[in-house]
Amino acid sequence: MKLTQGNQIIAYLLRNETISSFEAFRELHCSRLAARIHDLEQEGDTFKRFWVAKKNEVTGETIRFMRYALEGKKVS
């Protein structure tokens, strides 16, 4: 199996259940998580998306970001 960002994302999700853009960038050096999720969906995988709101401890502002979870892996 070729080690692509898509494969890395799937492996990460199998270990950690969910991923955010920040985690994808920090752990996988993937700066376009939404695009890679879209590519994986085009290949037959399915994902659950949900918004997370978190208070920024420095500024006090509420930030929102998307988290992704693997719902179904295509059968090869």
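Of note:
- For the residues Ala24, Ala34, the requirement of being of a type in the set (Gly, Ala, Ser) and open to solvent by less than 50 Å² (accessible area, probe 1.4 Å) singles out Ala24.
- None of Arg26, Arg15, Arg49 is part of a strand (DSSP E or B) and farther than 14 Å from Lys74 by Cα except Arg49.
- Subset of the range 47-66 [more than 12 Å from the chain's Cα centre (by Cα) and either closer than 20 Å to Leu3 by Cα or of a type in the set (D, E, K, R) (or both)]: Lys54, Lys55, Glu57, Glu61, Arg64
- In the range 54-61 there is no residue that is open to solvent by less than 60 Å² (accessible area, probe 1.4 Å) and hydrophobic (A, V, I, L, M, F, W, C).
- For Lys2, the requirement of being assigned to a loop (DSSP other than H, G, I, E, B) and open to solvent by 90 Å² or more (accessible area, probe 1.4 Å) is met.
- For the range 1-58, filtering for residues that are of a type in the set (Phe, Trp, Tyr), over 15 Å from Glu71 (Cα atoms) and in contact with a helix residue (DSSP H, G or I) (Cβ under 6 Å, 6 or more places away or on another chain) leaves 0.
- Among the residues of this structure, Asp39 counts as one that is surrounded by 12 or more Cβ atoms within 10 Å (Cβ to Cβ), more than 11 Å from the chain's Cα centre (by Cα) and more than 13 Å from Gly72 (Cα to Cα).
The values are calculated or read from the model by the stated rules, or taken from the named source; none is laboratory data. Keep in mind that this is a model prediction, so the values were computed, not measured. Counting neighbours? That spans all protein chains shown, and the Cβs are built from the backbone with ideal geometry, glycine included. With ligands, DNA and RNA removed, areas are computed over all heavy atoms of the protein, side chains included. Shrake-Rupley method; radii C 1.70, N 1.55, O 1.52, S 1.80 Å.
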